[in-house]
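Novice: Let me begin by handing over the structure; questions about it come next.
Each reported figure results from applying straightforward, stated rules to the coordinates on display, with no laboratory input. Predicted model, so just to flag it, every value in this text is computed and none were measured. In this analysis, Cβ positions are derived from the backbone assuming ideal geometry, glycine residues included, and neighbour counts consider all displayed protein chains.
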Amino acid sequence: MKVVIVGAGGVGGYFGARLAAAGVDVVFVARGRHFDAIRDNGLSVKSELGDVHVKSATVVSDLAQVDQADIVLVAVKLWDTEEVAQALKPLADHGAAIISFQNGVQKDTVLQQHLPRESIVGGVSYIASVIAEPGVIKHSGTMQRLAFGEYGGRKTSRVTAFLDACRSAGIDSDMTDSIENLIWQKFVFLVGLSGTTTTMRQPIGPIRENQRTRAFLQDVMREVVMIARARSVMLPEDYADDRLAFCDTLPATMTSSMHNDLEEGRRLELPWLSGAVVELAKSTGAEVPLNRAIEDILMLRMEGAVAQ
């Protein structure tokens with residue numbers, strides 16, 4: 001099996017390194033100093049589950065340099081999805097399965113606009129990891145899980161083979177026949193976590209401990225559940241309560257990638273998180289005032305640091 005990792009950051013770099021260390025033929029697509037470091041020194045993962053160093057990692061700076069793949073894992077920021085989808089078309093046309101482990105519920109819709117529908121497999125990732133420095137991925141905690149499956153619920157040989165590869169690499173992984181539901185389940189939590197940690201500039205600990213901010217977090221997630229159900233995604237009506245209980249199990253220091261991006265002055269994935277909730281609500285007639293407030297509050301920082 002040949003696996004291509006498009007976006008060798010916290011998510012793609014971690015899971016790609018685990019697969020490569022287990023003997024899977026992995027090609028990383030990276031940019032800038034991260035590309036240079038992987039090319040010169042390999043890719044390292046620092047993790048409580050055990051460190052990994054892929055000394056002779058295969059890395060390219062352009063997808064056009066890859067002529068064949070069995071599985072492509074997409075892990076770029078959401079604003080790059082359309083550009084990546086167009087570059088992936090030759091691989092998809094030659095039979096590659098495309099699995100996006102990006103955030104949000106609109107990622108596969110964008111991919112479907114440029115790629116054969118049958119090439120797209122749904123995917124969800126669960127991990128807290130970042131690029132600590134060029135060529136080095138830092139994994140926080142012990143959660144590291146992938147879930148994926150064909151739209152429509154079929155069990156196919158390509159998904160089964162990838163599942164076997166992930167499990168052989170020590171990755172907690174599952175094949176599911178209800179991938180759309182899982183994508184929305186993660187979206188409920190992610191919108192709540194990203195929206196509150198970024199607007200309040202705090203990790204989850206203080207937010208869940210304060211009565212007012214805890215209620216705000218819960219209501220942000222309730223709005224997402226309402227939109228999911230209005231779009232015939234059958235989440236339980238009280239699913240936000242379940243996710244709030246999950247938040248209580250997280251390390252108090254846990255935050256979101258969007259909060260980190262804000263602190264570092266980088267562009268935000270806001271339009272695909274709370275912004276997406278606002279956009280999707282328009283077709284249902286529902287009101288989502290808290291997600292609208294999050295979008296409005298962060299709008300000045302959406303493109304990165306405000307110029308002084």
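Novice: Quick check: net charge around Lys107, other residues with Cβ under 15 Å of its Cβ, Lys/Arg +1 and Asp/Glu -1?
Specialist: Values: positive: Lys77, Arg117, Lys186; negative: Asp80, Glu82, Glu83, Asp108, Glu180, Glu269, Glu279.
Cβ neighbours under 15 Å give a net charge of -4.
Novice: Tell me, what HN-Hα J-couplings in whole Hz come from the Karplus equation 6.51 cos²θ - 1.76 cosθ + 1.60 at θ = phi - 60° for each residue of segment 22-27, using x for Gly and Pro?
Specialist: Whole-Hz 3J(HN,Hα) from phi for segment 22-27: 8, x, 6, 6, 10, 10.
Novice: In degrees between 0 and 90, to the nearest 10, how far off the longest principal axis of the chain does helix 32-41 point, with axes built from Cα atoms?
Specialist: 40 degrees
Novice: Angle, helix 211-230 long axis vs. longest principal axis of the chain, Cα atoms, 0 to 90°, nearest 10?
Specialist: For helix 211-230, the angle is close to 70 degrees.
Novice: Name the trypsin sites (Lys or Arg not before Pro) in segment 171-216 that are in a loop by DSSP and that have at most 13 other C-beta atoms within 10 Å, would you? Kindly include the intermediate steps, with their values, before the conclusion.
Specialist: On the way: sites: Lys186, Arg201, Arg208, Arg212, Arg214; in loops: Arg201.
Loop-located and lightly packed - Arg201.
Novice: Which of the following values of semi-axes √(5λ) of the Cα gyration tensor in Å was calculated from the structure shown: [x] 27, 23, 18; [y] 30, 22, 19; [z] 44, 41, 20?
Specialist: Given [x] 27, 23, 18; [y] 30, 22, 19; [z] 44, 41, 20, the structure-derived one carries the label [y].
Novice: Using only the alpha-carbon atoms, how far is helix 10-21 inclined from the longest principal axis of the chain? Give it as 0 to 90 degrees, nearest 10.
Specialist: The answer is roughly 30 degrees.
Novice: Right, next: Mean residue ellipticity at 222 nm from the helices of the chain, using -39,500 (n - 2.57) per DSSP H segment of n ≥ 4 over the full residue count, to the nearest 500 deg cm²/dmol? Can you show the working numbers first?
Specialist: Details: 12 runs with 136 residues, N = 308.
Value at 222 nm, helices only: -13500 deg cm²/dmol.
Novice: Follow-up question, since we're still on this one. Nearest-5 percent of antiparallel DSSP beta bridges in segment 2-177?
Specialist: Around 35 percent of the beta bridges assigned by DSSP in segment 2-177 are antiparallel ones.
Novice: Glu83 to Ala215: extension gain in nm, 0.36 nm per residue of separation minus the Cα-Cα distance? It would help to have the intermediate numbers written out before the result.
Specialist: Details: separation 132, 0.36 × 132 = 47.52 nm, distance 3.84 nm.
Extending this stretch completely gives an extra 43.7 nm.
Novice: Tally Lys and Arg at +1 and Asp and Glu at -1 over the other residues with C-beta under 14 Å from the C-beta of Leu290: what net charge comes out?
Specialist: The answer is -1.
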